[in-house]
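The values are calculated or read from the model by the stated rules, or taken from the named source; none is laboratory data. No experiment lies behind these values; they were computed from the predicted model shown. Because the Cβ atoms are built from the backbone with ideal geometry, glycine has one as well, and the counts that use them run over all protein chains shown. Areas reflect the complete protein model, heavy atoms only, side chains present, ligands, DNA and RNA absent. Shrake-Rupley method; radii C 1.70, N 1.55, O 1.52, S 1.80 Å.
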Amino acid sequence: MASDMSVVPEGLRVLEAAGRSHHITLDLHHFDWSCQTYLKTGRMMPEDGLDQLRGFDAIYLGAVGYPGVADHISLWGLLIPIRRAFQQYVNLRPVRLLRGIESPVKGFPPGQIDFCIVRENNEGEYSEVGGRLYRHTDSELAVQETVFTRHGCDRIMRYAFDLARTRRGHVTSATKSNGIIHTMPFWDERFALMATQFPDVRTDQYHIDILSAHFVQHPDWFDVVVASNLFGDILSDLGAAVVGSVGLAPSANLNPEQQYPSMFEPVHGSAPDIAGKGIANPIAQIWSGAMMLRHLGESKAALAIERALEAVLARPDVRTPDLGGKAHTREVGDAIANEISVVAEP
Ligand SMILES: NC(=O)c1ccc[n+]([C@@H]2O[C@H](COP(=O)([O-])OP(=O)(O)OC[C@H]3O[C@@H](n4cnc5c(N)ncnc54)[C@H](O)[C@@H]3O)[C@@H](O)[C@H]2O)c1
């Protein structure tokens with residue numbers, strides 16, 4: 001699928017290299033849906049866009065956002081409808097300090113920061129319930145409702161606990177039940193109840209303000225962090241910064257029941273401040289491709305991509321400026337694709 005960023009071609013190049021080396025035929029369909037399309041057609045995607053996507057196994061998305069198109073138009077015209085229509089209620093965002101990368105938080109060697117943010121992706125603070133009144137008068141007001149349902153809280157928390165069982169058995173809940181008087185105490189109740197079903201999983205919870213501080217000071221404390229839509233979104237960029245750059249952070253929008261296609265995209269946005277310079281870090285996009293292959297059952301190919309990107313990152317000469325280097329987007333993509341091909345050769 002097209003996007004407003006130059007990293008998608010690198011992600012595709014690496015996916016194709018992994019496909020070749022693991023004898024996987026990728027049947028790729030490209031959709032030119034972006035802010036550029038919106039400027040031409042008045043729509044981010046066609047009216048039947050969701051129907052066009054429904055039959056695919058997975059969606060590989062690049063970030064959208066472009067000066068001249070309001071951010072709520074680009075996100076609510078493409079990304080958010082896809083997440084909701086396809087019940088991609090899990091936004092899985094790994095936070096891992098890779099070999100070769102120095103965390104801006106001193107004293108953490110690679111391997112010591114390794115956790116996952118499990119962000120609720122369908123409800124919460126990102127709701128359409130609300131409105132504006134008395135526009136353009138002194139009485140103007142805006143109301144935005146947060147929606148937490150039992151169904152929505154329980155399914156994301158169950159996913160987080162199940163995930164923790166495959167990792168180090170620890171779930172942290174992001175809350176704010178001291179200040180947000182209805183929804184967050186409800187979130188805490190559901191979390192406590194879910195924890196009783198997983199007595200082997202260790203739990204804790206922090207208010208989002210101190211949790212943000214702990215992310216910076218003690219990123220090694222966490223294994224799985226479960227959070228509402230907004231809190232999870234904010235924590236994801238913070239987590240990405242702690243392990244080096246938002247340019248490294250991948251994500252998966254999962255429909256765990258696999259009734260609908262899941263979607264894979266970087267955590268970051270379209271980076272308009274560096275647009276057109278060819279220096280955006282493609283690794284988040286590439287790593288999201290590895291998550292997609294794993295979701296599709298191609299674990300070996302996924303691992304090959306992850307190993308290749310770590311091997312390239314271990315060499316300081318092929319780094320984009322966000323990591324202190326001088327390399328261009330294309331050079332990083334080429335280096336990772338070559339690494340996969342070289343390793344795959346007998
Ligand atoms: N999923 C999405 O499509 C998505 C997500 C977030 C933001 N956005 C959109 O992106 C636009 C810009 O948003 P923003 O500025 O808040 O966030 P952003 O992530 O685009 O950029 C924040 C900072 O990170 C840097 N950055 C981001 N990706 C990078 C990369 N791959 N390599 C190197 N540096 C990178 C940018 O240069 C910028 O300095 C807005 O239109 C916003 O709505 C889209």
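Scanning segment 49-56 finds one or more residues that are under 30 Å from residue 151 (Cβ atoms), within 16 Å of the ligand (Cβ to nearest atom) and open to solvent by less than 30 Å² (accessible area, probe 1.4 Å). With the requirement that a residue be more than 9 Å from the ligand (Cβ to nearest atom), small (Gly, Ala, Ser) and open to solvent by 20 Å² or more (accessible area, probe 1.4 Å), what does segment 62-115 give you? Within segment 62-115, 68, 77, 85, 100, 107, 111 meet the criteria. Using the structure shown, decide if residue 251 is modelled with pLDDT under 95, open to solvent by less than 40 Å² (accessible area, probe 1.4 Å) and near the ligand (Cβ under 9 Å from one of its atoms). Against the criterion (modelled with pLDDT under 95, open to solvent by less than 40 Å² (accessible area, probe 1.4 Å) and near the ligand (Cβ under 9 Å from one of its atoms)), residue 251 does not qualify. Tell me the residue from 245, 212 that is small (Gly, Ala, Ser), within 14 Å of the ligand (Cβ to nearest atom) and open to solvent by less than 50 Å² (accessible area, probe 1.4 Å), please. When all the criteria are applied, what remains is 245. The set of residues in segment 281-314 being away from the ligand (no atom under 16 Å from the Cβ), farther than 22 Å from residue 101 by Cα and of a type in the set (A, V, I, L, M) consists of 293, 296, 301.
Give the residue, chosen from 319, 330, that is within 14 Å of the ligand (Cβ to nearest atom) and assigned to a helix (DSSP H, G or I).
Going through 319, 330 in turn, just one is within 14 Å of the ligand (Cβ to nearest atom) and assigned to a helix (DSSP H, G or I): 330.
Screening residue 198 with (1) more than 24 Å from residue 146 (Cα to Cα); (2) of a type outside the set (S, T, N, Q); (3) within 16 Å of the ligand (Cβ to nearest atom) gives one miss only, at (3).
For residue 228, indicate whether it is touching an Asp or Glu at 6+ places or on another chain (Cβ under 7 Å), of a type in the set (Ser, Thr, Tyr) and closer than 20 Å to residue 126 by Cβ. Taking the combined requirement at face value, the residue satisfies it.
Between 62, 77, 111, 68, which is closer than 19 Å to residue 284 by Cα and in contact with a helix residue (DSSP H, G or I) (Cβ under 8 Å, 6 or more places away or on another chain)? Of the residues listed, the single one that is closer than 19 Å to residue 284 by Cα and in contact with a helix residue (DSSP H, G or I) (Cβ under 8 Å, 6 or more places away or on another chain) is 62.
Among the criteria (1) open to solvent by 80 Å² or more (accessible area, probe 1.4 Å); (2) assigned to a loop (DSSP other than H, G, I, E, B), the one residue 139 does not fulfil is (1). Would you confirm whether any residue within segment 151-160 is touching a residue at least 24 places away in the same chain (Cβ under 8 Å), open to solvent by 70 Å² or more (accessible area, probe 1.4 Å) and within 21 Å of residue 230 (Cβ to Cβ)? Scanning segment 151-160 turns up at least one residue that is touching a residue at least 24 places away in the same chain (Cβ under 8 Å), open to solvent by 70 Å² or more (accessible area, probe 1.4 Å) and within 21 Å of residue 230 (Cβ to Cβ).
The rows are residues; the columns are (1) part of a helix (DSSP H, G or I); (2) of a type outside the set (Phe, Trp, Tyr); (3) in contact (Cβ under 8 Å) with a residue 40 or more places away in the chain.
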site	(1), (2), (3)
213	yes, yes, no
240	yes, yes, yes
268	no, yes, yes
278	no, yes, yes
286	yes, yes, yes
291	yes, yes, yes
304	yes, yes, yes
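Residues that are within 10 Å of the ligand (Cβ to nearest atom) and out of contact with any strand residue (DSSP E or B) (no Cβ under 9 Å at 6 or more places or on another chain) were ranked within segment 256-280; the one that is farthest from residue 336 (Cα to Cα) is 273.
The test for being polar (S, T, N, Q), in contact (Cβ under 8 Å) with a residue 24 or more places away in the chain and either under 16 Å from residue 11 (Cα atoms) or surrounded by fewer than 24 Cβ atoms within 10 Å (Cβ to Cβ) (or both) does not hold for residue 299.
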